[in-house]
Amino acid sequence: IKLASGDIIANLNSDDFYIDNEVISDVVAAFNEAKTDLLYADLYYVDAKDTSKIIRYWKSKSYKEGLFLKGWMPPHPTFFVKKEVYQNYGMFNLEFKSAADYEIMLRFIHRYKASITYLPRVIVRMRVGGVSNASLKNRIKANREDKRAWEINGLKPHPLTLIFKPLSKLGQFFK
């Protein structure tokens, strides 16, 4: 990230991909129109081998203050950040094994209240099979890291926030 030469930075997982050739131009246009620090959109979880097969549709929504307390987070592969936000609020915390994305979004959005815009369209196809969701044991470890993300940022989640987080995604399997 420190070596990035652009003004807007995205972190796309190695086997994920943008859905079409208009994604970057749409993102830049949305940044320019909204005069925002952060931007996110929707994504499809797709079969690891057949990327035309949609397993889950992560339809997000416009951010409102307090959504993190209800278990919300934007889909990380769709998350775009102005380079100056990293310079002002820090880089990824590499002590996190599975929640570095959650921690940095929590820090930028909930703690520092960087301006954020939702682009209401699917921009990423993400292959299923992430480490944090590979087993119940991994999900429990990830939940512990999510809790630690709140703690290291000096934030206090609602007592049910970390229960709401996985529950908030259930509807994505039934659309």
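Some notes on this structure:
- Two-site FRET efficiency, F17 against L160, from Cβ-Cβ distance with R₀ of 41 Å, rounded to 0.05: 0.70
- Exposed-loop-free span, longest in the chain, where GluC sites (Glu not before Pro) count as exposed if DSSP calls them loop and at most 12 other C-beta atoms lie within 10 Å: 96-175
- The order of the peptides 107-116, 48-57 by mean Cβ neighbours within 10 Å, most packed first, is 107-116, 48-57.
- Relative contact order of region 8-173, defined on C-alpha pairs under 8 angstrom at six or more residues apart (%): 34 percent
- In region 1-96, taking the dipole from charged Cβ atoms about the Cα centre, the farthest positive-side position among I54, V27, L94 is held by L94.
- Centre-to-centre, using Cα atoms only, region 47-66 and region 81-120 are separated by 19 Å.
- Rounded to the nearest 20 debye, dipole of the chain from Cβ charges on Lys, Arg, Asp, Glu: 780 debye
- Once the C-beta distance of I24 and D50 is scaled by a Förster radius of 22 Å, the resulting FRET efficiency is 0.30 to the nearest 0.05.
- Dipole size of region 67-125 about its Cα centre, with +1 on Lys/Arg Cβ and -1 on Asp/Glu Cβ: approximately 180 debye, rounded to the nearest 20.
No value in this document is a laboratory result; all are computed from the given coordinates. As the structure is a computational prediction, the values presented were derived from the model and not from experiment. Methodologically, a virtual Cβ is constructed for each residue, glycine included, from the backbone with ideal geometry; neighbour enumeration extends over all protein chains shown.
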